[in-house]
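The values are calculated or read from the model by the stated rules, or taken from the named source; none is laboratory data. Bear in mind the structure is a predicted one, so any value in this text is a computation, not a measurement. Here Cβ is always computed from backbone atoms with ideal geometry, including for glycine, and neighbour counts include all displayed protein chains.
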DNA sequence: TTTTTTGCAAAGTCTTTGCATGGAT
DNA sequence: ATCCATGCAAAGACTTTGCAAAAAA
């Protein structure tokens, strides 16, 4: 799906939620679409948006991200470093994808397949807990850093 | 395992790491042991420790928690509310247990069984990622809140 | 006109750090 | 005497909020 149709889809999601896709919000969404492999913090997003719209304020970025999170356009996640990070929800994804956090280099890989289907069934049955979403992050050593260490 | 033997075990872990179990640290560890079903924030731990040792400072609690996290006596986790929470690592547990976060009442249940053994094997094989630990939280509705809503 | 959104600055919350004091080895 | 740990206050990092101005409906 190209950026244009992603954008109109998101515009519709905003309108359905009673919001407008202002130039500032559009610029923020574009940054998120263009960096969908990264896990940007609000500050990082702000810096990138500023290149397109130099007059935007940090508060607007925060407010836009809060709105996008409510609308489930983005998912908000924290990797225990005290910063919230934002990730575009993948097309058609019911649940948030998983993450592999490398303890050596700090890099983050994404795992898009949902590996938790069976686990969720167990949770729903055994705990009578109605699962809506999940956050799964593995901490470990990525293949790159394993190679570096062995050599 | 009773509190006393837990404490001597932790004392040993500290000594092995080159730290002393000072009265302030001991009071902090006791609060954690006594509240191992909760997921206390640093501030909450501070308030409880203050009842035992009124002269303790918040910074000492933060420094103690950082030390205990490094020694893997406790696990640090954030549930996307901007606060770090601390949880005693369960006796003999290789990995951090899972959490069920209720979106209605904010309550947190613990899931002690490790349901990720198979998933981790897939991750290790498919991504050549060496898994050391994990963070898994389900977002949803707990059984209590489901009952409330249907009635 | 009425409502929504924005930018800025200020305030708020959570956490870390500097430093002099105090305790332990 | 040296080293580590503590308490306090200050600073730092991240995020939210109040408000007047601007934009949109």
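Structure values in brief
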quantity	calculated
Criterion (over 30 Å from residue A:133 (Cα atoms), in a loop (DSSP other than H, G, I, E, B) and not assigned by TED's automatic domain parsing to the domain that holds residue B:135) met by exactly one of B:50, B:9, B:20, B:72	B:20
Yes/no for residue B:99 being in a strand (DSSP E or B) and touching a residue at least 24 places away in the same chain (Cβ under 8 Å)	yes
Top-ranked residue of the range B:67-79 - restricted to ones that are surrounded by fewer than 18 Cβ atoms within 10 Å (Cβ to Cβ) and more than 9 Å from chain A (Cβ to nearest Cβ), ranked as farthest from DNA strand D (Cβ to nearest atom)	B:72
Matching entry among B:106, B:82 (being facing chain A (nearest Cβ under 9 Å), assigned to a loop (DSSP other than H, G, I, E, B), free of Cβ contacts under 8 Å to residues at least 40 places away in the same chain and within 30 Å of residue A:66 (Cβ to Cβ))	B:82
Selection from the range A:121-151 of residues that are more than 30 Å from residue B:109 (Cα to Cα), crowded, with 16+ Cβ neighbours inside 10 Å and facing another protein chain (nearest Cβ under 7 Å)	A:142, A:146
Residues of the range B:31-41 satisfying the condition of being surrounded by fewer than 18 Cβ atoms within 10 Å (Cβ to Cβ) and not in a loop (DSSP other than H, G, I, E, B)	B:33, B:34, B:41
Filter result for residue B:37 (more than 14 Å from DNA strand D (Cβ to nearest atom), within 18 Å of the chain's Cα centre (by Cα) and touching a residue at least 60 places away in the same chain (Cβ under 8 Å))	yes
Residue in the range A:43-52 that is nearest to the chain's Cα centre (by Cα), counting only those that are surrounded by fewer than 16 Cβ atoms within 10 Å (Cβ to Cβ) and touching a residue at least 12 places away in the same chain (Cβ under 8 Å)	A:43
Residue list for the range B:85-103, filter: within 10 Å of the chain's Cα centre (by Cα) and more than 12 Å from chain A (Cβ to nearest Cβ)	B:87, B:88, B:89, B:90, B:97
The range B:85-102, subset surrounded by 14 or more Cβ atoms within 10 Å (Cβ to Cβ) and farther than 16 Å from residue B:134 by Cα, residue nearest to DNA strand C (Cβ to nearest atom)	B:101
Where a residue in the range B:1-30 is more than 14 Å from every other protein chain (Cβ to nearest Cβ) and more than 22 Å from residue B:85 (Cβ to Cβ) and its partner, wherever it lies, is at pLDDT below 95 and away from DNA strand C (no atom under 16 Å from the Cβ), with Cβ under 7 Å and at least six apart	B:1/B:91
Residue in the range B:132-140 that is part of a loop (DSSP other than H, G, I, E, B) and not assigned by TED's automatic domain parsing to the domain that holds residue B:69 present	no
Residue check, residue A:44 within 18 Å of residue A:106 (Cβ to Cβ), outside the structural domain of residue A:111 (by TED's automatic domain parsing) and in a helix (DSSP H, G or I)	yes
